[in-house]
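The values are calculated or read from the model by the stated rules, or taken from the named source; none is laboratory data. Predicted, not measured: the structure shown is a model, and the values here were computed from it. Methodologically, a virtual Cβ is constructed for each residue, glycine included, from the backbone with ideal geometry; neighbour enumeration extends over all protein chains shown. Just the protein is used for accessible areas: all its heavy atoms, side chains included, with ligands, DNA and RNA removed. Shrake-Rupley method; radii C 1.70, N 1.55, O 1.52, S 1.80 Å.
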Number of protein chains: 2
Amino acid sequence: MKFAILGTGIVGQTIGSKLISLGHQVKMGGREAVNTTAQEWVAGAGVLASYGTFQDAACFGEIVINATAGGVSLQALQAASTQALAGKVLIDIANPLDFSQGMPPTLSVVNTDSLGEQIQRAYPQTKVVKTLNTLSSKVMVNPGAVGGGEHNLFISGNDAAAKAQVLDVLAQFGWDKARVIDLGDIGTARGTEQLLPIWIRLWGALGTDLFNFRIVRGA
Amino acid sequence: MKFAILGTGIVGQTIGSKLISLGHQVKMGGREAVNTTAQEWVAGAGVLASYGTFQDAACFGEIVINATAGGVSLQALQAASTQALAGKVLIDIANPLDFSQGMPPTLSVVNTDSLGEQIQRAYPQTKVVKTLNTLSSKVMVNPGAVGGGEHNLFISGNDAAAKAQVLDVLAQFGWDKARVIDLGDIGTARGTEQLLPIWIRLWGALGTDLFNFRIVRGA
């Protein structure tokens, strides 16, 4: 399958490399037509990998993954273009972290809105599915790296078929579908984006980003 | 030991009954000197239980527990008085949930501040410890009701001795101290208060409030 990855950072590279290891084609997209980091990644990743602008990538991908920094996601998607995104599933992994006030970051969209909802409103013909945004990139593509995979992932989105398609991709990453909790529509992205404040503090308290939340239920 | 519980709702009653079952004295405090709900609770709870105003309770308690609704906590503490709270440990269980826009609630304090911090700033001579605010009241006093107690509680506060004293109370409730994660100073209450948006959505998705978060770590 053809995937577009918007964003050339560690999340984009990690997801991209995993997709390629699974035999998918990946075009990574960035702001500029020339991007040294991305081109080094392409050189290492082999023939299934390529690089282009946000729009090149969005046109190429059957599924588009937003792995940009949350503060610039809307600009990146604008560069990708409404037309290239129309009708497609967009997996939104970004969190609207605001580092402008120092550490720990705050959220630039919060409480009465979420980045996931902002994207869905801006691109009504795109099927936005928010997931993977509550994990370090290592755990996204290797759930077994933490507690034998016995922990949970959350998924939010308005379109049931799109969520089912994303669930298939997650299963290829090693996620047990039964461990992916469907929170409901894209409005529930407010819940997962607001997990970041405690995620960041747990990272500090535990001294590692190799952890995840498991939801434990009563009898 | 003598405990004050500010707030006469289900959280206050559940915590109060647990403390009495452990042999502690509890004075529940409310806005009015006469409160039918609280007086019914006192009548059922026995000789270790009593009721009074917020100030009566705060004067009585060696440890004060804020179990009021988050939106009225600051008014309740003002009624309790700075003098009655000075030098004491205040266990803050409240969440600043705002139901004015309908369900699900939003947070009236969020992101760049928290209710826990607001209380600590308003009462600098009081040792505010935020904990238990990420759980339904049933689980607060009976961690074993969920997954055999194999899940986590969070604690935030500026004073290490106060946190240790609260940990002793939590241990009496049945919490394994090793499962209580110290996130750091009271500023980390932003993390636990912002767990509420996903907590509420998980309640909906799971169809029960008998659940909790377990932090699963890598090897």
Tabulated pairs, the stretch A:141-160, first open to solvent by less than 10 Å² (accessible area, probe 1.4 Å), second polar (S, T, N, Q), C-beta under 6 angstrom, 6+ apart or interchain: A:Val146/A:Asn212; A:His151/A:Asn212; A:Phe154/A:Thr192; A:Ile155/A:Thr131; A:Ser156/A:Thr188
Single unsatisfied condition, B:Val89 versus (1) closer than 30 Å to A:Gly218 by Cβ; (2) within 14 Å of another protein chain (Cβ to nearest Cβ); (3) at pLDDT 95 or above: (2)
Residues (at the interface with chain B (Cβ under 9 Å from one of its Cβ atoms), outside any helix (DSSP H, G or I) and aliphatic (A, V, I, L, M)) located in the stretch A:131-164: A:Val146
Single condition A:Arg179 does not satisfy, out of (1) of a type outside the set (A, V, I, L, M, F, W, C); (2) under 17 Å from B:Val216 (Cβ atoms); (3) facing another protein chain (nearest Cβ under 9 Å): (3)
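Kindly indicate whether B:Val26 is modelled with pLDDT under 95 and β-branched (Val, Ile, Thr).
no
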Selection within the stretch A:17-55 - of a type in the set (Lys, Arg) and either open to solvent by less than 40 Å² (accessible area, probe 1.4 Å) or under 22 Å from A:Leu77 (Cβ atoms) (or both): A:Lys27, A:Arg31
Pair list, Cβ < 8 Å and 6+ apart or interchain, from the stretch A:184-207 residues that are more than 7 Å from every other protein chain (Cβ to nearest Cβ) and modelled with pLDDT of 95 or more to residues that are in a helix (DSSP H, G or I) and open to solvent by 10 Å² or more (accessible area, probe 1.4 Å): A:Ile186/A:Glu117; A:Ile186/A:Gln120; A:Gly187/A:Glu117; A:Ala189/A:Glu117
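May I ask you to verify whether B:Leu85 is surrounded by fewer than 23 Cβ atoms within 10 Å (Cβ to Cβ) and either touching a Leu at 6+ places or on another chain (Cβ under 8 Å) or within 15 Å of B:Gly187 (Cα to Cα) (or both)?
no
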Which numbered condition B:Thr14 misses (of (1) open to solvent by less than 70 Å² (accessible area, probe 1.4 Å); (2) of a type outside the set (A, V, I, L, M, F, W, C); (3) touching a strand residue (DSSP E or B) at 6+ places or on another chain (Cβ under 9 Å); (4) not in a loop (DSSP other than H, G, I, E, B)): (3)
Whichever residue in the stretch B:92-130 is out of contact with any helix residue (DSSP H, G or I) (no Cβ under 6 Å at 6 or more places or on another chain) and assigned to a strand (DSSP E or B) and, among such residues, is farthest from the other protein chains (Cβ to nearest Cβ): B:Asp98
Test: residue in the stretch B:172-180 that is surrounded by fewer than 17 Cβ atoms within 10 Å (Cβ to Cβ) and either of a type in the set (Asp, Glu) or closer than 21 Å to B:Ser73 by Cα (or both): yes
